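One structure is given below, encoded as C-alpha cells.
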Amino acid sequence: QVQLVESGGGLAQPGGSLRLSCAASGSIGSISRMGWYRQAPGKQRELVARITSDGSTDYADSVKGRFTISRDNAKNTVYMQMNSLKPEDTAVYYCNARLRLVWLAAYAEYWGQGTQVNVSS
C-alpha cells in the first residue's frame with residue numbers, strides 16, 4: 001500500500017558528504033512527518049532528523065550543524081544532506097514517514113528498507 005524508497009547511501013571519506021533521498025508512494029492521503037533514523041552495529045535505532053509538513057525540523061545533537069533535512073511535499077520526498085561526515089556516522093539509515101492512507105483517518109508509521117552509509121578513509 002505504501003512504499004518508502006531510499007537512495008544515496010554509500011561510502012564517504014571523513015569530512016566528505018552524502019545526500020540521502022526517500023520517496024514515498026502508494027495510497028497516501030497525507031504525510032504529517034518524514035525523517036531519518038539510523039542504526040549502527042550493536043546499537044539501538046536512533047533519530048537523526050525529521051521534518052513536519054510545515055517545515056519544522058528536529059535534529060539529533062550529534063548531527064546538528066552538519067546534516068540538513070528538507071522535504072518536497074509535492075513529491076512526497078525527504079532529503080538529507082550530510083556534510084562533514086565522521087566515522088561514527090557509519091550506520092544503516094532508515095527513512096520514516098508518519099502518514100495516513102487515503103481511506104483511513106488514523107496516522108501510522110512506515111519505514112523504508114534502509115540504506116548503508118559508511119564513513120571511512
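The values are calculated or read from the model by the stated rules, or taken from the named source; none is laboratory data. As the structure is a prediction and not an experimental result, all values here were calculated from the model. Neighbour counts are summed over all protein chains in view; Cβ atoms, including those assigned to glycine, are modelled from backbone coordinates with ideal geometry. Note: areas computed on protein heavy atoms with side chains; ligands, DNA, RNA excluded. Shrake-Rupley method; radii C 1.70, N 1.55, O 1.52, S 1.80 Å.
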| said: Could you check the stretch 1-23 and list, in sequence order, the residues that are crowded, with 17+ Cβ neighbours inside 10 Å and assigned to a loop (DSSP other than H, G, I, E, B)? | reply: Gly9
| said: Considering only residues that are open to solvent by 40 Å² or more (accessible area, probe 1.4 Å), farther than 21 Å from Asn73 by Cα and part of a loop (DSSP other than H, G, I, E, B), which ones fall in the stretch 84-112? | reply: Ser84, Lys86
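Is one or more of the residues making up the stretch 32-40 surrounded by 13 or more Cβ atoms within 10 Å (Cβ to Cβ), part of a strand (DSSP E or B), of a type in the set (D, E, K, R) and touching a Gly at 6+ places or on another chain (Cβ under 8 Å)? Give the derivation first.
Here is the first cut: in the stretch 32-40, the ones surrounded by 13 or more Cβ atoms within 10 Å (Cβ to Cβ) are 33-40.
Now restrict to residues that are part of a strand (DSSP E or B): 33-39.
Restricting the remaining residues to those that are of a type in the set (D, E, K, R) gives 33, 38.
Keeping just the survivors that are touching a Gly at 6+ places or on another chain (Cβ under 8 Å) gives none.
No - not one qualifying residue is present in the stretch 32-40.
In this structure, does Gly29 turn out to be part of a strand (DSSP E or B), in contact (Cβ under 8 Å) with a residue 24 or more places away in the chain and open to solvent by 20 Å² or more (accessible area, probe 1.4 Å)? Write out each step before concluding.
Numbers: part of a strand (DSSP E or B): yes; in contact (Cβ under 8 Å) with a residue 24 or more places away in the chain: yes; open to solvent by 20 Å² or more (accessible area, probe 1.4 Å): yes.
For Gly29, the condition - part of a strand (DSSP E or B), in contact (Cβ under 8 Å) with a residue 24 or more places away in the chain and open to solvent by 20 Å² or more (accessible area, probe 1.4 Å) - is met.
Looking only at the stretch 52-69, count how many residues are over 18 Å from Gly114 (Cα atoms) and either touching a residue at least 24 places away in the same chain (Cβ under 8 Å) or not in a loop (DSSP other than H, G, I, E, B) (or both).
Start the filter on the stretch 52-69 by keeping residues that are over 18 Å from Gly114 (Cα atoms), which leaves 52-66, 68.
Those left that are additionally either touching a residue at least 24 places away in the same chain (Cβ under 8 Å) or not in a loop (DSSP other than H, G, I, E, B) (or both): 52, 57-59, 61-63, 68.
Residues that pass the stated criteria total 8.
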